[in-house]
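Everything on this sheet refers to the single structure shown next.
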Number of protein chains: 4
Amino acid sequence: MIIILKKNATPEQIEKLTSDIHALGVSIHKIEGEHTTVFGLVGDTSRINANDLSANEAVEAIHRVQEPYKMANRKFHPENTVIQVGEASFGGDEFPVIAGPCSVESEEQIIEVARAVKASGAKLLRGGAFKPRTSPYAFQGLHEEGIRLLTLAKQDTGLPIVTEIMSIGQLDLFADVDVIQVGARNMQNFELLKALGGTGKPILLKRGLANTLEELLMSAEYIMSAGNEKVILCERGIRTFETATRNTMDLSAIPMLKSMSHLPVIADPSHATGIAWMVEPMARASAAVGADGLIIEVHNNPARALSDGKQSITPAAFDALMKELRPYVELTGKQI
Amino acid sequence: MIIILKKNATPEQIEKLTSDIHALGVSIHKIEGEHTTVFGLVGDTSRINANDLSANEAVEAIHRVQEPYKMANRKFHPENTVIQVGEASFGGDEFPVIAGPCSVESEEQIIEVARAVKASGAKLLRGGAFKPRTSPYAFQGLHEEGIRLLTLAKQDTGLPIVTEIMSIGQLDLFADVDVIQVGARNMQNFELLKALGGTGKPILLKRGLANTLEELLMSAEYIMSAGNEKVILCERGIRTFETATRNTMDLSAIPMLKSMSHLPVIADPSHATGIAWMVEPMARASAAVGADGLIIEVHNNPARALSDGKQSITPAAFDALMKELRPYVELTGKQI
Amino acid sequence: MIIILKKNATPEQIEKLTSDIHALGVSIHKIEGEHTTVFGLVGDTSRINANDLSANEAVEAIHRVQEPYKMANRKFHPENTVIQVGEASFGGDEFPVIAGPCSVESEEQIIEVARAVKASGAKLLRGGAFKPRTSPYAFQGLHEEGIRLLTLAKQDTGLPIVTEIMSIGQLDLFADVDVIQVGARNMQNFELLKALGGTGKPILLKRGLANTLEELLMSAEYIMSAGNEKVILCERGIRTFETATRNTMDLSAIPMLKSMSHLPVIADPSHATGIAWMVEPMARASAAVGADGLIIEVHNNPARALSDGKQSITPAAFDALMKELRPYVELTGKQI
Amino acid sequence: MIIILKKNATPEQIEKLTSDIHALGVSIHKIEGEHTTVFGLVGDTSRINANDLSANEAVEAIHRVQEPYKMANRKFHPENTVIQVGEASFGGDEFPVIAGPCSVESEEQIIEVARAVKASGAKLLRGGAFKPRTSPYAFQGLHEEGIRLLTLAKQDTGLPIVTEIMSIGQLDLFADVDVIQVGARNMQNFELLKALGGTGKPILLKRGLANTLEELLMSAEYIMSAGNEKVILCERGIRTFETATRNTMDLSAIPMLKSMSHLPVIADPSHATGIAWMVEPMARASAAVGADGLIIEVHNNPARALSDGKQSITPAAFDALMKELRPYVELTGKQI
């Protein structure tokens, strides 16, 4: 950690800062420049919060040298983490595709979609039972019944299931769920993250609409430091000024996250674009950029879907997409 | 609701759309333009989700005519809602200022700050017991003990207390809390919002970092439709590309929200700027633009604060700010 | 164009609006809804500026039905436009790669880089002679001498040259330049765009840092409506809150632009990421998503480059990238 | 300037970096931390471009200590710059308001508005002759004739005139213009900025839609370093995800710019909000936050305005605004 002192800092202010720093158990290496004095902090600065020291009157600016995430940091864990879910694995040589409807709507619907996506090569089934909707008047999901229907589809097809949790109180219902998803709006719901750290289940952690990659890794760190290292990161688009797409898909996040962290990173082209016909080209690009898998919304009748129909593709379109995708995945050295 | 049809929509696609719309219980008024056909939907369209219809193949675009929020909408409730908290009131002729430290740190600290801000004219005491921190390694608040210390400060000074909730499970601890705050990161924690709808307490709902004003009102609608109409909205800065300030304070949100809704709207210049010396000018501007009050971070020793010291002002600076602020508030016809 | 009237509009206000609309030469189709009245405008509304009508007191909101760009619109020109530059062509079955240094620095430098990138398969040479730099104290390019050196490299290698123009007054110096680039900061320098409409040369038009895709097409429309239809669009990253990369590369812009317009669209992974090692994965993703080519910064000694060294790759890295890229391009049905 | 070295940098890489730094004429102060080595550069680092050094393989990160703007920097020029225009002055104890139509449309219009705004207390007249419009099909201004009409209005009322330049070639027409405006889209049109540095006229420099405050000051630096120190900065809203307003007005920019620089800073609530009724509350807030003046769009018939009618206020509304504004301005110690 490096502290740049104010030009006109008084000796008293500098002395106070010096004693504040020593109280944190680190020593100071001082550089006197022509116009500026700089303190280099030597020792374990990982627990020091830069913002806290910056209220000191002698401080002009503070720059961190070490990343604030540790368990998620590739520097301390150079090999890829590989997370096994049933027969699928994330972060290794495979490229698992998770597919299914935005919301579980009925037994017929989820079984039909599950069979179809399995036949096309999907390795896991997604489906929402608890739906975070902007409007309190919109369909909120089938809740407990939705999870029951997902487990029926799992029994029928053998596909592990992925579904979203919205509150700690729902956790008991997730006993048969294979991967618990944390949605973009809950990426910084820290109490929920801590609770998920107490489960042994893989967590699919989506990037928030306005969250930096460092913040995403800090949220992974919440789960990991609470005891659960099975975190799968997911890029699903960020919010910008552009309105032609629902969100702006930040594909550079994928190689950047993989250089910062050893955790697997998958992509969600359905939410990132919000438009059914864009899912296929963005899925190809996600594979090409080095993603570890995909999550895609598939509905047997998008025009009648109870949520997100606009971005859902049909089972037939999903089948075509999987065929189209295979050679791109193979070029990156993975198997779909 | 207005639906613009695709130029090349087939008669079958249009027939399917027509029957989908009729199934929703509304009728269609058709306009044939030179290049375009438009459907105007007549009837109660308030429960129709535009995104759902947009997956229909005949649809080019859909425009809503009515706002999706109802209970929060000024059109259906022209007078200001006034929310009483102890002797303070939000939304009427008063301009209550909420002040106190970011985190409750000790009995001495909270009592000292509470007495000081009361003497300067603050009408409510703020202080965090549960702290949402980006890092799992940062100070997370004193939890139950923090709330106990806040109630001691309330007994000592008579100031009603405002503190943040992060999870439904914490609700039992909030029995003596006067105003429950929902932080920016939880603005779309819908399960929490619904639970708060079941309390009779005033809710201070902060705008999320990347949330539109419409989304903020939809979150207020969650609380209101669950039975609690006492919602105070708060602008606290949004996330943009600018890095000179912690966030970008959107002061235009205040008059705009007050035109869209009848709910009170206050401003948080501390989080919006993240810089202690900017709190005062932005507090003046908040008053001038028509805010219904302020929430300000005050710490007895910002350089030693366990969180957000950089944006906290001293009791002396707060006292000066309140004196400076008074004539601006009075110009807007309110009393501080 | 569709106009939603205010609920409480007076008959006089509505009459005034009606006459304003009739004065524009279009007729009105009126829909009376339960709570709302809507005017559908029938006739040629393409020249009507929605913002201008919206100042009318009876107007609640206006929605456009037709896109405001015409010459660039794929609806009126379904086939791809193919732009030929020397032996390369943009927008058809080829995938030309433009490569070269950020700035032209010396004869040795530009000749060495030109030969190297040609040997690796680049089809055009880029190099800046006029450099838009944030700081007036930074290297501003070699100007006229820079263009002279580029033409030497063109004679030496046969590669057509691409270089940026910053001002109308520089146009005379561009006689031997094959493709004139308009940088992101000048995307809405409308006087420059009009002037470029008077040249017969292909224009490489980069998206501005905060410009929507519609605005990019409107800028293309400026050039096209002034007489020059040879416009190549370029996605080069937009400005967001994320700081891990220099910009956020919006790859969804590529398929979206190609659906909105018939113009060729290329990608610039160097500026979009600002980081040398990210150029390769983002180049692969650009090919996979359907781009019509790339523009890449290559420098013989990035650590000593006078500008943008951080995002420049070496000739050896460029050679490896081209080999890596080929199969991805071929999967999309193009030839590199 | 501070350089953080990569953990695994080789001695050869470090030696190369060392020699590169010495070649720039500065010396190195080295700090060896537990996990990290840091170079503090001592000497005149103001001309060193951090990005250029960062391509060196040994470099992990570079942090600047000094601001890159010098002539605009308050550190080297502690007193406010006061710019005199006719009888008005910017940056001192006055609060001049510039008012007038978006576009000059006719002699009658500009004379009528000029007389009205003068009577209400405006100190300068604005009016666009060259209009930057997103669409090539929109009204582009009266050009030379527009400037002629502005000078007639100046003769009639005595008000100095402010109008926008879009291209260096237009400069000859600006001989009688008192303040030359650079619009948001041209904030980084560096060739234009350099040319304006050669005039002796005050320049009104608007912040770009996606430009940081530092970039705004760097653009001011272009004008100042070319010989013209009379630069008035203007906050006019930035582009964010929010769509309820045309732009997001960043009022915190005003005190922040005034702390970074000695130049005057004014506010443009018309463009910042895009909505006529919001101009008044945002004008009050601009005064309260410490702006040095305002620029406001006033039109005698907003519903028939050829541009920006939606955000234009009538002369009567402007008169009311000026009366409303006066006490807020006086509270800040200025005179309107």
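Structure summary
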item	result
Residues in the range C:293-311 that a label on C:VAL82 would reach, taking backbone N under 19 Å of a point 7 Å out along Cα→Cβ	C:293-294
Debye, to nearest 20: dipole size of chain D, +1 on Lys, Arg Cβ, -1 on Asp, Glu Cβ	320
Pairwise Cα inverse-distance average, inverted: Kirkwood Rh of chain C (Å)	21.5
Pseudo-label separations to other copies for D:VAL82 - Cα-to-Cβ vector, 7 Å, nm	4.6, 6.9, 7.5
Cα centre as origin, Lys/Arg/Asp/Glu Cβ charges: the range C:139-238 dipole, Debye	120
Area buried, chain D against chain A - accessible surface, total, 1.4 angstrom probe, square angstrom	1900
Fraction of beta bridges assigned by DSSP in chain D that are antiparallel (%, nearest 5)	40
Cα gyration tensor, the range C:129-226 - rounded (a/c under 1.5), prolate or oblate	oblate
Cα-based Rg and Dmax for the range C:204-323, where Dmax is the largest Cα-Cα distance (Å)	14.8, 43
Within-9-Å neighbourhood charge of D:TYR69 [Cβ basis; K, R +1; D, E -1]	-2
For the protein assembly as shown, fraction of C-alpha pairs farther apart than 58 Å, in %	13
Relative intensity, log₁₀ I(q)/I(0), of the range C:144-186 from a Debye sum that treats every alpha carbon as a point, q = 0.14, 0.24, 0.26, 0.28 Å⁻¹	-0.31, -0.82, -0.93, -1.03
Charge-dipole axis of chain A as Lys and Arg at +1 and Asp and Glu at -1 on Cβ define it, positive-most pick from A:GLY309, A:ILE295, A:GLN188	A:GLY309
Label geometry 7 Å along the beta-carbon vector: A:ARG304 inter-copy distances in nm	5.6, 6.9, 7.1
Accessible area (Å², per residue) of the range B:1-135, counting only protein heavy atoms and a probe of 1.4 Å	43
Positive-pole candidate from A:GLN335, A:GLY274, A:THR199, dipole of the range A:177-336, charges at beta carbon	A:GLY274
Label point distance in nm, D:ALA226-A:LYS30, each placed 7 Å from Cα along Cα→Cβ	4.5
All Cα pairs of the range D:51-90, percent lying beyond 12 Å	72
Mean-position separation - Cα centroids, the range C:31-100 and the range B:131-161, in angstrom	54
Crossing angle, helix D:11-23 versus chain D [Cα axis fit, 0-90 degrees, rounded to tens]	50
Farthest toward positive dipole pole in the range A:60-148 [+1 Lys/Arg, -1 Asp/Glu at C-beta], among A:VAL117, A:HIS77, A:GLY100	A:HIS77
Accessible surface of the protein assembly as shown, 1.4 Å probe, proportion on carbon and sulfur as whole %	49
Charged-residue dipole, Cβ positions (Lys, Arg, Asp, Glu), the range A:99-174 about Cα centre, Debye nearest 20	300
Mean residue ellipticity (222 nm) of chain C, computed from DSSP H runs ≥ 4 via -39,500 (n - 2.57), nearest 500	-9500 deg cm²/dmol
Sparsely packed trypsin sites (Lys or Arg not before Pro) within the range D:265-320, loop by DSSP, other Cβ within 10 Å at most 16	none
Under 15 Å, Cβ to Cβ, from D:MET260 - net charge with Lys/Arg +1 and Asp/Glu -1	-2
Using alpha-carbon coordinates, inclination of helix A:107-120 to the longest axis of chain A, degrees	80
Value of relative contact order over the range A:40-138, rounded to a whole percent, pairs C-alpha under 8 Å and six or more apart	18
Shape of the range B:69-174, Cα gyration tensor, a/c cut at 1.5	oblate
Tail beyond 15 Å, pair distance distribution of the range A:280-336 (Cα, percent)	48
Rounded to whole Å, sorted largest first: equivalent-ellipsoid semi-axes of the range B:21-85, Cα gyration tensor	32, 13, 11
Over the range C:1-96, relative contact order from alpha-carbon pairs under 8 Å, at least 6 apart, %	30
Principal-axis tilt of helix C:279-289 within chain C, Cα atoms, nearest 10 degrees	50
Rounded to 5, percent antiparallel among DSSP beta bridges of the protein assembly as shown	40
Relative contact order of chain B, defined on C-alpha pairs under 8 angstrom at six or more residues apart (%)	16
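The values are calculated or read from the model by the stated rules, or taken from the named source; none is laboratory data. Here the structure is a predicted model, which is why all the values come from computation and not from measurement. Note: ideal-geometry Cβ built from the backbone for every residue, glycine included; neighbour counts use all protein chains shown. Areas reflect the complete protein model, heavy atoms only, side chains present, ligands, DNA and RNA absent. Shrake-Rupley method; radii C 1.70, N 1.55, O 1.52, S 1.80 Å.
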